[in-house]
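The values are calculated or read from the model by the stated rules, or taken from the named source; none is laboratory data. Quick caveat, the model's predicted, so the values are computed rather than measured. Positions of Cβ are generated from backbone atoms using ideal geometry, with glycine treated the same way; all protein chains shown enter the neighbour counts. What goes into the accessible areas is simple: the full protein's heavy atoms, side chains included, and nothing from ligands, DNA or RNA. Shrake-Rupley method; radii C 1.70, N 1.55, O 1.52, S 1.80 Å.
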Amino acid sequence: MAQIFTPLPDKPDHDSLELEILAIWEREGTFEKLRDLNRSGPTFSFVDGPVTANKGLAVHTAWGRTLKDVFQRYKALQGFAQRYQNGFDCQGLWIEVGVERELGLNSKREIEEYGLAEFARKCREKVIWSATELTRGSKRLGQWMDWGNDYFTFSDTNIEYIWRFLKLMFERGQLYKGHRSTEWCPRCGTSISQHELSQSGVYQDKTDPSLFVRLPLRDRPGEALVVWTTTPWTLPANVAAAVKPDAEYILQENGEWVARARALEATAVKTARGEELVGLEYDGPFDHLSAVEGTEHRVIPWDDVTLDEGTGIVHIAPGCGGEDFELSKVNNLRILQPVDDSGRFYDDYGWLHGLTTVEAADQITADLGERGRLVSAEQIVHRYPHCWRCDTPLIFRITDDWFLSVEKLRQPLLDANATVEWTPAYMGKRMDDWLRNMGDWNISRRRYYGLPLPIYECSCGHVTVVGSKLELSERAVSGLEQLEELRRPWIDAVPIRCETCSEMVSRIPEVGDVWLDAGIVPFATLGWESPAWIKGGYATGASRGVSTADLPDHAYWERWFPADWVSEMREQIRLWFYSQLFMSVALTGRAPFRRVLGYEKMLDESGREMHGSWGNMIDAEDAFTRMGADVMRWQYCAQPPNQNLLFGFGPAHEIKRKLLTLWNSCKFLVDYANIEGWEPAWEDLAGGPSGELDPLDHWLISRTNALVAEAATAYESWLTVDVVKAYEAFVDDVSNWYIRRSRRRFWDGDETALRTLWYSLVQGLRVVAPLMPFFTDHLWRGLTAPCVGAPESIHLAGWPEVREPDSALLAEIDELRRVVELGRQARATAGIKLRQPLRALVVDGAPLASSHVDEIAEELRVEEVSFGQVDASELRVKPNLPVLGPKLGRELGAVRAALEAGKFEELPAGGFRAAGYELSSEEVLVERRGKEGWAVAASDGVTVALDLHLDEGLLLRGRVYDLIHAVNTMRKEAGLELTDRIRLTLSEADTDLLEHADWIARETLAVSVDASGDDPRIERV
RNA sequence: GGGCGAUUAGCUCAGUCGGUUAGAGCGCCGCUCUGAUAAGGCGGAGGCCCCUGGUUCGAGUCCAGGAUCGCCCA
């Protein structure tokens, strides 16, 4: 016989099921159909934050991609038109580092020797490889994007938009050259950010010289300050000595000044407070070097001078230390920068020139010794930062850098952020904190594969910022013919003419911060102020040939800006969310997004950071195979965004079990519908199941409607975790209440039950289709296959119509289920299994359940259920605290004690008298328990009492249930089909059970029952 | 150093407006149901609700101080 539904296997195989669905989507063009369906709908503008294209898909990235996909899918079900443009971040250090490693290059010098043009090509290849991998992984994850139409930030168009922004900032006086003190790796020739410093392994023990150096005071012959340093190479850059103003200093007999706290044993010739020393001038340690000539050295005050180590007088070299640099601003000190990019002394440092900081240390120590400036020279082991890439000890340098000033924008940024709705809300506060406290934005980087800063600084002092490629070509002196991309090295071969002095000017060598690349995205990809729509107009420069993206016109920008919603991990607050906000407020005065969903960090399932070398990293491909994309997505979506996600195979297993309940419910429907030859009707989905409905059917329909409403609320609050919770509760209700309660109807082929269950399962699947696109589409296709007129994919079926649930009915069943739960509890406490029928149950305090007497009787296998007071041997009365507390105040204690001790008397109206107070029935809570021969269970004001007295009839029927159970177990073990009929032979000892032969036959599908054997036997007929 | 947050069962976390016996899931032990279920149900063991003080009839919850941890900034 042809089956209506394709039977479902016992268990879903997520991996193969998903691959199958992917192939179907591909074949049927499901995504294209969805876009066509919504093309004229209202717009939902999502702007994708670009993912750094330097690796394949990681499970971390898959989290964010899932959230993006879920909400795009939800909005699509609701009929919104969307852009679906994916983005890749294609420039910057992360990409360079990967390529450097692959090429075996070890320094900036080696990159330059390798050749910047070839290096740029390798970087581009890396980006394209990564983009391909990320696309493949994302598709496997089920993410629906307009793949192939991606934006790549290394596009010339993207770069030009940034140029334009920078030119504008320059014209407003908000782009300037300044200084910055930074940790520096002399091998890599680059600064090290705070973020990089905070990585583990950066701080390592290191042995360094420990020098005490004399600095003779100018106007006090024979007196000298003594300073301490562990970095001899910084001494030539010394310009000041800092003292703690309120500390006591002493002049020792040997003529050396140190803090009293550092020389407790010494005899003081003179004492002075730090502030009294401020302003004194001294001879620098290397005044004879030409670079140092004419430098003033003086004592300055500094509250943070430590008296825990050194001498309490601190050597200050603003060119070589962060705090030193800050002090130079306050005290107007000269900044001496002794070493170059590679940590070697500049030529004007005399005999030191060309030496590295390490090589110089010994020579400096020796020189100081020869000149009698050294008090002592020893070795010290201390924690010192090293480069995370190459382990080289870091030094401090002051560098010339370009900055965007924030002062004028700070308030507008705060105002713009106030218009943004953040989920979770604290992330918005975090952004406010950042906006209030951040300094100017340093946008220059001394690297190669990045946005070329369009800044041309002439030796005459005039600065030009070029705003477009066109402008560059107009101003160019030469080199245009070889400019294949707006990128080093080609761009550097295009000098321009200075407007002021007509000299030829080259571009500054620096490239831009990658966050400029990402921040401009809502302008560059949406066609801000673009006069015309240019086909393929975004896919320029390096992105030519890898994308088809257009440059839209300004009308398009008006339509899609600002984004309705963006979502990224929390650290993007001061990165992408910030750079976008900054550029947007600068250009338009508005925030570039209306709502943000942020989320915390991913850790492994035991709460540790995932780390390649710790062996706890989960490979995305492995997760697809072993968990399945839907299970991964469920795990991501079940996570409250304000907490770290503990991701792993353990939690995945738990999720699979939950999904199995859903699967089994569908399988149950399919199996019985096939037995019955029942066909679903598509109209039922819109209109609700037709036919004569049982109360339980009404309940399930209401329950389903409630789910749709709850889920919509959750989606609209951007909280997938609430969708997950609502759906899990729903599945539990369908499986453990509706199906459980209705089994008999399914055996009897009750069409209404089939119809109602079908309706409810199908509607339920639609609710979670955005979360689990494969699983739901697979089941949808199975369950709607027989329907004429059903959309071929769940993703084309739209969001289910929201109908008002019958909340009274829902409350009624809730109460009913509480009664049944208590009844089970009472049975368990008394040790009487459910197979043993009992005579009576009394229910107290659950009025809503009173119309479900039959269901209670059946669930708890009792003959008679009544509602009323439980006559108990023990009466417990407790004060109703919220009522009595405010009324009695201090006296409450006495009343409470009296009630607890049983010292009360019952009043006629249901009230009580205790400790001299009359308490009305509203002021007390009454519980009755402990009835002789009965099992009583109570909670939340509901009490049930189960009559435990057994008579012969009850015992006999208990044995029948036992027998039925045993026979059905035998059926199962014998591998019989649900519909197979049997001949049943009982043991002679069970002859008395034949009184119930018809019943037994019905329950075991027996065509005959006799009692002629030694043991029960079954035989298939 | 400043800011934000956290601290509740072996683990991961809920805990509403301050209210009666502090909960869930997982794990462990026992029982049980099954004509969909490798599932489900019930019960048990397991708690210094970080500490100290305060407010209150009553504090896991509010206030103050402290400790520890995490994150952000400097």
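Per residue of chain A, the DSSP helices (runs of n ≥ 4 H) give a summed -39500 (n - 2.57) that works out to -12000 deg cm²/dmol at 222 nm.
Looking at the stretch A:190-399, send over the antiparallel percent of its DSSP beta bridges, to the nearest 5.
Looking only at bridges with both residues in the stretch A:190-399, the antiparallel portion is about 85 percent.
Length gained on full extension, A:HIS949 to A:GLU378, computed as 0.36 nm times the residue gap minus the Cα-Cα distance: 196.2 nm.
Of all aspartates and glutamates in the structure, those lying under 15 Å Cα to Cα from A:LYS658, and not within fewer than 8 positions of it along the same chain, are A:ASP10, A:ASP13, A:ASP630, A:GLU728, A:ASP732, A:ASP733.
Taking the Cα centre of the stretch A:953-1020 as origin, sum charge times position over the Cβ atoms of Lys and Arg (+1) and Asp and Glu (-1), and report the length of that vector in debye to the nearest 20.
Numbers: 9 positive and 14 negative charges, 56 e Å.
Dipole about the Cα centre, nearest 20: 260 debye.
In the structure shown, do any of A:LYS75/A:LYS656; A:LYS667/A:LYS833; A:LYS33/A:LYS535 have a Cα-Cα gap over 25 Å, and if so which? Cα-Cα > 25 Å for A:LYS75/A:LYS656; A:LYS667/A:LYS833; rest within. Taking 1.567 mPa s as the viscosity and 4 °C as the temperature, the Stokes-Einstein diffusion coefficient of the stretch A:190-399 based on its alpha-carbon Kirkwood radius rounds to 73 µm²/s. The lysines within cross-link reach of A:LYS903, meaning a Cα-to-Cα straight distance under 22 Å and a gap of 8 or more places when in the same chain, are A:LYS878, A:LYS887, A:LYS931. The aspartates and glutamates whose alpha-carbon is closer than 15 Å to the alpha-carbon of A:LYS469, local same-chain residues fewer than 8 away aside, are A:ASP156, A:GLU160, A:GLU481, A:GLU484, A:GLU485, A:ASP492. For chain A, build the charge dipole from Cβ charges (+1 Lys, Arg; -1 Asp, Glu) around the Cα centre, then report which of A:LEU761, A:PHE668, A:SER921 sits farthest towards its positive end. Of the listed residues, the answer is A:LEU761. Only protein heavy atoms count here; under a 1.4 Å probe, A:VAL381 has an accessible surface of about 100 Å².
Taking square-rooted eigenvalues a ≥ b ≥ c of the alpha carbon gyration tensor, is the stretch A:292-387 rounded, prolate or oblate, where a/c under 1.5 means rounded and, failing that, a/b exceeding b/c means prolate? List each step's numbers first, then the result.
Numbers: a/c = 1.36, a/b = 1.16, b/c = 1.17.
Since a/c stays below 1.5, the shape of the stretch A:292-387 is classed as rounded.
Once backbone amide H atoms are built at 1.01 Å from N, A:SER210 has A:GLU378, A:GLN379, A:ILE380 as its partners under 5 Å, excluding neighbours fewer than 5 places away on the same chain.
Where in the stretch A:261-290 does the amide nitrogen come within less than 20 Å of the point 7 Å from the Cα of A:LEU307, taken along Cα to Cβ? Backbone N within reach: A:261-279. Both radii are taken from the alpha-carbon atoms of chain A; with Rh as the Kirkwood radius, Rg/Rh is 1.11. Placing unit charges on each Cβ (+1 for Lys and Arg, -1 for Asp and Glu) gives chain A a dipole about its Cα centre, and among A:VAL721, A:ALA826, A:VAL960 the Cα reaching farthest toward its positive end belongs to A:VAL721. Between A:GLU676 and A:GLU484, the simple label model (points 7 Å from Cα in the Cβ direction) yields a spacing of 7.0 nm.
In vacuo Debye scattering of the stretch A:627-676, one point per C-alpha: log10 I(q)/I(0) at q = 0.20, 0.26, 0.31, 0.32 Å⁻¹? Once normalised to I(0) and log-transformed, intensities are -0.70, -0.93, -1.11, -1.15. Annotation for the stretch A:145-195: trypsin sites (Lys or Arg not before Pro) lying in DSSP loop with at most 14 further Cβ atoms inside 10 Å of their Cβ are A:ARG172.
Shape analysis of the stretch A:538-579 places it in the oblate category; the axes a ≥ b ≥ c from the Cα gyration tensor give an a/c of at least 1.5, with a/b not above b/c.
Can you tell me the dipole magnitude for the stretch A:596-720 around its Cα centre, using point charges on the Cβ only (Lys, Arg +1; Asp, Glu -1), in Debye to the nearest 20?
Details: 9 positive and 19 negative charges, 110 e Å.
The dipole magnitude comes to about 520 debye.
3J(HN,Hα) along the stretch A:895-905: 4, 4, 4, 4, 4, 5, 7, x, 8, 8, 10 Hz, from the Karplus curve 6.51 cos²θ - 1.76 cosθ + 1.60 with θ = phi - 60°, whole Hz, x for Gly and Pro. Sparse packing (at most 15 other Cβ atoms within 10 Å of the Cβ) combined with a DSSP loop state is found for the following GluC sites (Glu not before Pro) in the stretch A:656-728: A:GLU692. At most 12 other Cβ atoms within 10 Å and a DSSP loop assignment: could you name the GluC sites (Glu not before Pro) in the stretch A:143-232 that fit? Passing both the DSSP loop test and the Cβ count: no residue.
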